[in-house]
Amino acid sequence: MHDSSRVLERLHELAQLGRYEAGIDRALATPAERAARDRFAAWARAGGRTLTQDRVGNLFARRAGSDPGAPAILVGSHLDTVKTGGAYDGAYGVVGALCALETLDARKIATLHPLDAVAWVGEEGSRFPLGCLGSAVFAGLTGVDEALALVDDAGIALGDALADAEGGLLRGLPQREPEPLAAYVELHVEQGPIMERAGMRLGIVTAIAGQRRFRVVASGTSGHAGTVPMSIRADALAAAAEIVLALEKAALEREAVVTVGRLVVEPGATNVIPARVTFSVDMRSPDDAVLDALERVLDEETREVGARRDVRFSRVPLERRAATPMNRDLREAIRRGAASTGERTMDVPSGAGHDAMCVAAVAPAAMLFVPSIGGASHVGEERTADDDLELGVEALAAALVEIDRMLGGAERG
Ligand code: GLV
Ligand code: MN
Ligand code: MN
């Protein structure tokens, strides 16, 4: 078997974990997600890597470098999925990292820097209310105790979930100690249509869009659906619906994206006026000033609609990540590595969030994309062509060598 076809086999294996009719559901600290971390550890051990784990469950698999004093180059992505995830978002970058290290083994290519394949936990924020959880803790953007205290919808704290044998931390692994970092690289599927439309197979990410997430609660007055006249209602859902449409309009006017993906209506009965609605707001833009403007719209609209309809709005900010440009030198090193595959590259922005946004706070960071068929992602039908998956790993392995050389030169110079 050619080295690179291992990436397909492993992705197929991971895709069985958490699979159901609508896709893959592999939320942090569930048995399926824990099983995926187990697979990562088994593959890493079989490849001769040294494994470490941190307190939130991030896993690091080291390929030693030839200079014992050199800081590590980190390469990886995440193993968790959204509720209706596909086989590639996150998993590809993790499996791709392991496979790229094995490609270097097979070719007997030594690097100066240790290469650490990393599997970040909880990137999607689909169970605990914080995206990029593992990388945010790693980068010191979120305190570890603060992360462990986060609770899911059932009231279970992350700390307790990670202590659980079924879904929790892997047993018997040494703790990762903080250490200096040379760089971070993440391989990912594009999750959008730009590359496919351009007919390009390798993309170098220019910048990751900024994002803000909120939980908003609208509290109105419940009552009998048949007896309370429309003119005197304080219907929490009707008020929330106005906010959803105002945000849609504001996003359209600013070329931003806003999504209300989750909405819980209480008491949730056909013949009872909604008393309370809890909904999520997810805003993205490459321009942080646009996000400021969208947040002002949310402010003003909830005030105006709330007063007019006699509905109280409250909101909790859950996540705030600035737009993050990727490191220029790393981008060029990735471009040189990718060029060695004979494929051309294109520059591409990322509308999706990634762990690279958080790691960029503590190390130069960059990303390599392969195309998504039809641009589909966060759906069970997410696909990328096998050839493109293999090409991405090949390009990543070559990029790591370029980055190692570039940084070695910089460190010696
Ligand atoms: C992660 O996939 C995100 O962009 O929400
Ligand atoms: Mn995702
Ligand atoms: Mn992802």
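The values are calculated or read from the model by the stated rules, or taken from the named source; none is laboratory data. Nothing here was measured: the structure is a model prediction, and the numbers come from that model. Positions of Cβ are backbone-derived with ideal geometry, glycine not excepted, and every protein chain shown enters the neighbour counts. Just the protein is used for accessible areas: all its heavy atoms, side chains included, with ligands, DNA and RNA removed. Shrake-Rupley method; radii C 1.70, N 1.55, O 1.52, S 1.80 Å.
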- Message: Please determine whether any residue of the range 32-53 is more than 16 Å from ligand 3 (Cβ to nearest atom), among the hydroxyl-bearing types (Ser, Thr, Tyr), under 20 Å from Glu177 (Cα atoms) and modelled with pLDDT of 95 or more.
- Response: yes
- Note on the structure: Exactly one of Ser280, Ser285, Ser219, Ser231 is out of contact with any Cys (no Cβ under 8 Å at 6 or more places or on another chain), open to solvent by 60 Å² or more (accessible area, probe 1.4 Å) and of a type in the set (Gly, Ala, Ser), and that one is Ser231
- Item | Residues of the range 105-115 classified as open to solvent by less than 10 Å² (accessible area, probe 1.4 Å) and out of contact with any strand residue (DSSP E or B) (no Cβ under 7 Å at 6 or more places or on another chain), total | 1
- Query: Looking only at the range 343-376, which residues are within 16 Å of Gly210 (Cα to Cα) and assigned to a strand (DSSP E or B)?
  - Reply: Val348, Pro349, Ser350, Ala365, Ala366, Met367
- Subset of the range 9-36 [assigned to a helix (DSSP H, G or I) and open to solvent by less than 40 Å² (accessible area, probe 1.4 Å)]: Arg10, Leu11, Leu14, Ala15, Ala32, Glu33, Arg34, Ala35, Ala36
- Task: Enumerate the pairs (first residue in the range 371-399 and within 16 Å of His12 (Cβ to Cβ); second residue anywhere and open to solvent by 20 Å² or more (accessible area, probe 1.4 Å) and within 16 Å of ligand 3 (Cβ to nearest atom)) with beta-carbon separation below 6 Å, excluding pairs fewer than 6 apart on the same chain, so at least 6 apart or on different chains.
- Result: Gly380/Thr84; Glu382/Tyr88; Glu382/Ala376; Thr384/Tyr88
- Within the range 116-125, tally of residues that are within 16 Å of ligand 2 (Cβ to nearest atom) and either open to solvent by 40 Å² or more (accessible area, probe 1.4 Å) or not in a loop (DSSP other than H, G, I, E, B) (or both): 2
- Task: Identify the single condition in (1) open to solvent by 10 Å² or more (accessible area, probe 1.4 Å); (2) within 16 Å of ligand 1 (Cβ to nearest atom) that Asp67 does not satisfy, given that it satisfies every other one.
- Result: (2)
- Message: I'd like the residue in the range 194-228 that is within 16 Å of ligand 2 (Cβ to nearest atom) and not small (Gly, Ala, Ser) and, out of all such residues, is nearest to Arg284 (Cα to Cα).
- Response: Gln211
- Check the range 77-91 and report whether any residue there is open to solvent by 20 Å² or more (accessible area, probe 1.4 Å), of a type in the set (Phe, Trp, Tyr), at pLDDT 95 or above and within 16 Å of ligand 1 (Cβ to nearest atom). yes
- Taking strands (runs of 3 or more DSSP E) that fall entirely within the range 191-275, which contain at least 2 residues that are more than 26 Å from Arg315 (Cβ to Cβ)? 202-208
- Does the range 323-342 hold any residues that are more than 20 Å from Ala209 (Cα to Cα), in contact (Cβ under 8 Å) with a residue 40 or more places away in the chain, of a type outside the set (Val, Ile, Thr) and crowded, with 16+ Cβ neighbours inside 10 Å, and which are they? Ala333, Arg335, Arg336, Gly337, Ala338
- Can you name the residue in the range 343-365 that is touching a helix residue (DSSP H, G or I) at 6+ places or on another chain (Cβ under 6 Å) and under 14 Å from Leu187 (Cβ atoms) and is also most open to solvent (accessible area, probe 1.4 Å) among such residues? Thr345
